[in-house]
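Chemist: This is the structure I want to talk about, given as C-alpha cells.
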Amino acid sequence: MISEKLISELDAIKEPGLLMKELFTRFPGRTAIGTSGQLTGCALIDFAVQAKAPGIRVFTNDTLRLFPETLDLFQALEKRYGLTLERYTPPEAELKAMVEEYGEFLFFDSKERQELCCYVRKVLPNQRALNTLDVWITGLRSDQSSSRSGVGRFEIIDHPLGAQTRPILKVAPLADWKEADVREYLKKNKVPVHALLEKKLPGGWYYESLGCILCTTPIGPYEPRRAGRWRWFNTGDDKKECGLHLPPPKK
C-alpha cells in the first residue's frame with residue numbers, strides 16, 4: 001500500500017540499488033525505472049542490475065522526435081543488461097489532431113503550444129506507462145535546475161484514473177547526488193552513456209539536458225543547465241519543464 005508509513009520504512013534504505021531491489025520485490029511487475037537516456041537514468045539501471053533486483057522494468061517515452069544517438073543508447077543498454085526497454089509513443093489520434101490544427105512545428109509559436117506538444121508527445125505516453133505502475137523510479141536530481149532544487153527521494157503523486165485518481169509512489173534514488181558523482185559512477189562501472197553527453201564542442205559548448213532533436217541545443221560555458229531546451233523561450237532562468245514532473249493540468 002502506498003502510504004507515508006511505507007516511505008518511512010523505505011527511507012531507512014540509503015543505498016540506491018538496495019532501495020530499488022526492495023521496491024521491485026514489494027511491488028512485482030508494478031515498479032519501473034523511467035528514463036529518457038540522461039546520465040542518472042543510466043546509472044539507476046546499473047544500480048538495480050548490480051543489486052540483483054527481481055523483474056526489472058525500464059520504460060521510456062518515445063516522442064518520435066528523438067536523437068539517433070538516443071536510440072543507439074537504448075540499444076546499448078538493452079544489450080549490456082539483457083533488458084527490453086518498454087517504449088510508449090504519443091497516441092495517434094491526439095498527435096494527428098494537434099499537427100493538423102497547429103502544424104508540425106507548433107512549439108516555436110508560443111510557450112503554450114510548446115507545452116501542448118510536450119503534453120501530447122511526452123506526458124500522455126508517460127501516463128500510459130504509469131497506468132501499469134504503483135512505483136515510478138525517476139532520475140531527478142536536486143542539482144539539475146533551480147526548479148528541481150527541492151526534489152526529495154520520495155513523493156506520493158495522484159495519478160489520473162478516469163474521473164478519479166490513485167496514488168503512485170515516485171522515487172528519485174539519486175536526488176541528492178551531484179552530476180560529478182553520477183559521472184564518476186558511470187565511468188567506474190563502464191555504464192553506456194549518451195554519446196552527445198560525452199561530446200565536447202568548440203568554444204566550450206556541450207550538451208547538458210537532452211530532449212527532442214529540434215528542441216535541444218548545446219549550451220555555452222556560462223549558461224544554466226536547461227538553457228539548451230526550447231532555447232527560443234530563454235528568459236535568464238532555467239525554469240523550463242516538459243510537464244512530466246509537474247502536477248496534471250486541471251480540467
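The values are calculated or read from the model by the stated rules, or taken from the named source; none is laboratory data. Since the structure is predicted, the reported quantities are computational estimates derived from the model, not experimental observations. Quick reminder, even Gly has a Cβ in these numbers, built from the backbone with ideal geometry, and neighbours come from all protein chains shown.
Chemist: Do we have LEU174 as part of a strand (DSSP E or B) and either without any contact (Cβ under 8 Å) to a residue 12 or more places away in the chain or under 25 Å from ALA12 (Cβ atoms) (or both) here?
Modeler: no
Chemist: Could you figure out which of (1) crowded, with 20+ Cβ neighbours inside 10 Å; (2) farther than 20 Å from VAL135 by Cβ; (3) touching an Asp or Glu at 6+ places or on another chain (Cβ under 9 Å); (4) not acidic (Asp, Glu) isn't true of PHE47?
Modeler: Every condition holds for PHE47 apart from (2).
Chemist: Further question: Every residue in segment 1-44 that is among the charged types (D, E, K, R) and in contact with an Asp or Glu (Cβ under 7 Å, 6 or more places away or on another chain), please.
Modeler: Within segment 1-44, just ARG30 meets the criteria.
Chemist: Ok, one more. Which ones in segment 7-18 are of a type outside the set (Asp, Glu), within 23 Å of VAL49 (Cα to Cα) and in a helix (DSSP H, G or I)?
Modeler: Scanning segment 7-18 gives ILE7, LEU10, PRO16, GLY17, LEU18.
Chemist: Okay, moving on. How many residues does segment 178-192 contain that are assigned to a loop (DSSP other than H, G, I, E, B) and surrounded by fewer than 19 Cβ atoms within 10 Å (Cβ to Cβ)?
Modeler: Here the count works out to 3.
Chemist: If we keep just the residues of segment 199-217 that are surrounded by 13 or more Cβ atoms within 10 Å (Cβ to Cβ) and not in a loop (DSSP other than H, G, I, E, B), which is nearest to the chain's Cα centre (by Cα)?
Modeler: CYS212
Chemist: Next question, about the same structure. If you take the residues in segment 218-231 that are small (Gly, Ala, Ser) and either surrounded by 19 or more Cβ atoms within 10 Å (Cβ to Cβ) or in a strand (DSSP E or B) (or both), which one is modelled with the highest pLDDT?
Modeler: Applying the filter and picking the extreme gives GLY228.
Chemist: Next question. Return the residues of segment 8-18 that are touching a residue at least 40 places away in the same chain (Cβ under 8 Å) and under 14 Å from ILE137 (Cβ atoms); say none if nothing qualifies.
Modeler: LEU10, PRO16 - these are the residues of segment 8-18 that are touching a residue at least 40 places away in the same chain (Cβ under 8 Å) and under 14 Å from ILE137 (Cβ atoms).
Chemist: Residues of segment 148-171 being surrounded by fewer than 12 Cβ atoms within 10 Å (Cβ to Cβ) and closer than 24 Å to ASP11 by Cα, which ones?
Modeler: SER149, GLY150
Chemist: Name every residue in segment 135-163 that is outside any loop (DSSP other than H, G, I, E, B) and farther than 22 Å from ALA32 by Cβ, in order of residue number.
Modeler: Listed by number, the residues that qualify are SER146, SER147.
Chemist: Another question, then. What's the total number of residues in segment 9-38 that are of a type in the set (A, V, I, L, M, F, W, C) and surrounded by fewer than 21 Cβ atoms within 10 Å (Cβ to Cβ)?
Modeler: 5
Chemist: Next up: Return yes when LEU71 is under 18 Å from the mean Cα position of the chain (by Cα), more than 18 Å from VAL171 (Cβ to Cβ), surrounded by 17 or more Cβ atoms within 10 Å (Cβ to Cβ) and of a type in the set (A, V, I, L, M) and no when it is not.
Modeler: Here the answer is no, as LEU71 does not meet what is asked.
Chemist: Identify all residues within segment 74-103 that are surrounded by 12 or more Cβ atoms within 10 Å (Cβ to Cβ) and of a type in the set (A, V, I, L, M); write none if there are none.
Modeler: Within segment 74-103, ALA76, LEU77, LEU83, LEU85, LEU95, ALA97, MET98, VAL99 qualify.
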